[in-house]
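Here the structure comes first, spelled out in structure tokens, and everything after it is commentary.
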Amino acid sequence: FVEDRPRVQAALQAEGIPTAVHYPAPLSHQPAYADKSRFGPLPRSEWAAQHVMSLPMHADLEADVQKRIVDTLARVVAT
């Protein structure tokens, strides 16, 4: 997770590193599930939906590319 996801995503994109947000809203807010929650508000799910992002990850991602992604992410979140 990251605290300022839009800023981090923009900085990574500027470095040519794509990101994705697969669940911009928690499942309990999705139309198919919105009326099915028996637990009321789900603050952890809501928090995660605002802070989680996906980085490139696949079997063919070479070690040097992995290192560049990790190093760039570390630098971006440290600023």
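May I ask for the net charge around Arg68, where only other residues with Cβ less than 12 Å from the Cβ of Arg68 are counted and Lys, Arg are +1 while Asp, Glu are -1?
Values: positive: Lys67, Arg75; negative: Glu15, Glu62, Asp64, Asp71.
Local charge sum for Arg68: -2.
Quote the charge dipole size of the chain about the Cα centre in Debye, to the nearest 20; the model charges only the Cβ of Lys and Arg (+1) and of Asp and Glu (-1).
Details: 8 positive and 9 negative charges, 60 e Å.
In total the dipole reaches around 280 debye.
The helix-only estimate of mean residue ellipticity at 222 nm for the chain, built from DSSP H runs of length n ≥ 4 each weighted as -39500 (n - 2.57), is -13500 deg cm²/dmol after division by the residue total. Can you find, among Ala59, Pro41, Val2, the residue farthest towards the positive end of the dipole of the chain? Put +1 on the C-beta of Lys and Arg, -1 on that of Asp and Glu. Ranked along the dipole, the leading option is Pro41. Once the chain from Gln50 to Asp4 is taken as fully extended at 0.36 nm per residue, the excess over their C-alpha distance is 15.7 nm.
In the chain, with Lys and Arg counted as +1 and Asp and Glu as -1 at Cβ, which of these residues, Ala74, Ala14, Ala25, has the Cα nearest the positive end of the dipole, that is, farthest along it? The residue sitting farthest along the positive end of the dipole is Ala25. The value of relative contact order for the chain, using C-alpha pairs under 8 Å at least six residues apart, is 45 percent.
Run through the chain and list the trypsin sites (Lys or Arg not before Pro) located in a DSSP loop whose Cβ has at most 14 other Cβ atoms within 10 Å. Please report the intermediate quantities before stating the final value.
Numbers: sites: Arg7, Lys36, Arg38, Arg44, Lys67, Arg68, Arg75; in loops: Lys36, Arg38.
Answer by residue number: Lys36, Arg38.
Based on protein heavy atoms only, the chain ends up with 75 Å² per residue of surface accessible to a 1.4 Å probe. For the chain, the carbon plus sulfur part of the accessible surface works out to 59%, probe radius 1.4 Å.
Backbone phi angles across segment 51-65, fed through the Karplus curve with coefficients 6.51, -1.76 and 1.60 (θ = phi - 60°), yield HN-Hα couplings of 10, 8, 9, 9, 9, x, 7, 6, 5, 9, 6, 5, 4, 5, 6 Hz in residue order; Gly and Pro are listed as x.
Full extension of the segment from Tyr23 to Val70, taken as 0.36 nm per residue of separation minus the current Cα-Cα distance, would add 14.7 nm.
Averaging Cα coordinates gives a centre for segment 1-34 and one for segment 49-79; these two points are 14 Å apart. When the chymotrypsin sites (Phe, Trp or Tyr not before Pro) in segment 15-71 are filtered for DSSP coil states and for at most 12 other beta-carbon atoms within 10 Å of their beta-carbon, the remaining sites are Tyr33, Phe39.
The values are calculated or read from the model by the stated rules, or taken from the named source; none is laboratory data. These figures come from a predicted structure and were not determined experimentally. A quick note on method: Cβ atoms are made from the backbone with ideal geometry, for glycine too, and the neighbour counts reach across all protein chains shown. Note: areas computed on protein heavy atoms with side chains; ligands, DNA, RNA excluded. Shrake-Rupley method; radii C 1.70, N 1.55, O 1.52, S 1.80 Å.
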